[in-house]
Amino acid sequence: FSVNRMLTYECFKSRMEKGLSFIEFNYMLLQSYDFLTLFRRHGCRLQIGGDDQWSNIISGIDLIRRLEQEEAYGLTIPLLETADGKKMGKTEAGAVWLDPRLTSPYDFFQYWRNTHDRDVNRFLKLYTFLPVEQIDAATAIQGQEINAAKELLAFEVTKLVHGEEEAVKSRQAARALFAGGKEAG
C-alpha cells in the first residue's frame with residue numbers, strides 16, 4: 001500500500017481538510033486484510049458494501065490479486081438513508097440488527113413500525129415482496145391512517161427476517177401495549 005495512492009482516493013481527500021485520525025487512515029488496510037483473510041479461509045471472492053466503501057473494497061481486491069494471483073470482486077450499493085438524510089447502518093445510533101440476540105424480534109418490529117411517514121412507501125418497496133399496487137394503495141393514505149401501512153411494513157420485514165410466528169407475536173405485543181389490546185387496521 002502506498003500512502004500517495006491512498007491519498008488519491010476521494011474518501012481521504014475530503015477528510016484531510018477536516019482532520020483524519022490515524023485509526024481512520026488505517027481502516028483501509030484493515031478492511032483489505034480482512035477481505036484477504038476471508039478469501040484465504042473461506043474462498044470469499046466478493047465483498048459487498050456501501051458506495052462509501054469503494055476505495056476500501058478496491059484495495060482488498062488489489063491485495064488479493066497481488067498476493068494470491070487470483071480474481072476477487074467488489075460490489076457497492078448506494079447508502080440507504082431515511083427521509084431526514086440519516087444513514088441507515090450499523091455505525092449509526094439506533095442500529096437494528098438481524099440477529100435476535102442483538103435486536104429482539106419485538107424491538108425489530110418496533111424499529112420498522114416507527115418509520116417516518118415519508119419512508120414507508122420506499123421501505124415497503126425495498127424490504128418486502130408485496131406487490132407494488134398493494135404498497136401504493138396502503139401508503140396512499142395520510143395522517144393517522146398511515147399507521148396501518150407502518151404496521152404492514154413492520155410485520156412483513158419481521159416475518160422475512162424472524163419468521164411469521166415472531167412477526168405475529170411482535171404485532172400482538174405491540175397492539176396490546178399501545179392499543180390496549182385492540183386490533184388495529
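Where a number appears in this text, it was derived from the coordinates with a stated rule and is not lab data. Predicted model, so just to flag it, every value in this text is computed and none were measured. Quick reminder, even Gly has a Cβ in these numbers, built from the backbone with ideal geometry, and neighbours come from all protein chains shown.
Of LYS86/LYS159; LYS86/LYS150; LYS86/LYS169, which pairs sit farther than 21 Å apart, going by alpha carbon to alpha carbon? Among LYS86/LYS159; LYS86/LYS150; LYS86/LYS169, the Cα-Cα distance tops 21 Å for LYS86/LYS159; LYS86/LYS169.
Stretching ASP99 away from LEU67 to a fully extended chain increases their span by 8.1 nm, per 0.36 nm per residue minus the current alpha-carbon distance. Fewest neighbouring Cβ atoms within 10 Å first, the residues THR115, THR139, THR37 line up as THR37, THR115, THR139.
Distance between the C-alpha centers of the stretch 17-68 and the stretch 120-149? Whole Å please. Comparing the Cα centres of the stretch 17-68 and the stretch 120-149, I get a distance of 37 Å. Between amide H atoms placed 1.01 Å from N, distances below 5 Å from GLY74 occur with GLN47, all of them 5 or more places distant or on a separate chain. Note that the stretch 30-40 has calculated 3J(HN,Hα) couplings of 5, 5, 5, 5, 4, 4, 4, 5, 5, 4, 5 Hz, one per residue in order, obtained from phi through the Karplus relation 6.51 cos²θ - 1.76 cosθ + 1.60 (θ = phi - 60°); glycine and proline are x. The string of couplings for the stretch 75-84 from the Karplus curve (6.51, -1.76, 1.60, θ = phi - 60°) is 9, 10, 10, x, 5, 8, 10, 7, 4, 8 Hz, one whole number per residue in order, with x for Gly and Pro. Per-residue extension of 0.36 nm, minus the Cα-Cα distance of MET88 and ARG5, leaves a gain of 26.9 nm for this segment. Against the main long axis of the alpha-carbon atoms of the chain, helix 54-68 sits at an angle near 50°. Net charge of the neighbourhood of GLU68, taken over other residues with C-beta under 14 Å away and scored Lys/Arg +1, Asp/Glu -1, is +2.
Per residue of the chain, the DSSP helices (runs of n ≥ 4 H) give a summed -39500 (n - 2.57) that works out to -17500 deg cm²/dmol at 222 nm.
Sorting the segments 147-158, 51-62 by their residues' average number of neighbouring beta-carbon atoms within 10 angstrom, most packed first, yields 147-158, 51-62. Under 5 Å between amide hydrogens, built in the peptide plane, is the criterion, and for GLY50 it picks out ILE77 among residues at least 5 positions away or on other chains. Applying 1/(1 + (r/R0)^6) with R0 = 25 Å to the Cβ-Cβ distance of ARG118 and ARG45 gives a FRET efficiency near 0.05. Got a sec? Charge dipole of the chain, +1 on Cβ for Lys and Arg, -1 for Asp and Glu; which of GLN110, HIS162, GLN53 is way out at the positive end? Positive-most Cα among the choices belongs to GLN53. In this structure, GLU17 and LEU177 have a Cβ-Cβ separation that, at R0 = 35 Å, corresponds to a calculated FRET efficiency of about 0.15.
Applied to the stretch 168-176, the Karplus parametrisation 6.51 cos²θ - 1.76 cosθ + 1.60 on θ = phi - 60° returns per-residue 3J(HN,Hα) values of 5, 4, 5, 5, 4, 5, 5, 5, 5 Hz, with x for Gly and Pro. Among PHE109, PHE25, PHE123, the largest mean-square fluctuation in a Gaussian network model of the chain, built with springs joining Cα atoms closer than 10 Å, belongs to PHE25. Taking Cβ atoms as reference points and 11 Å as the exclusive limit, the residues near SER32 contribute a net charge of -1, counting Lys and Arg as +1 and Asp and Glu as -1.
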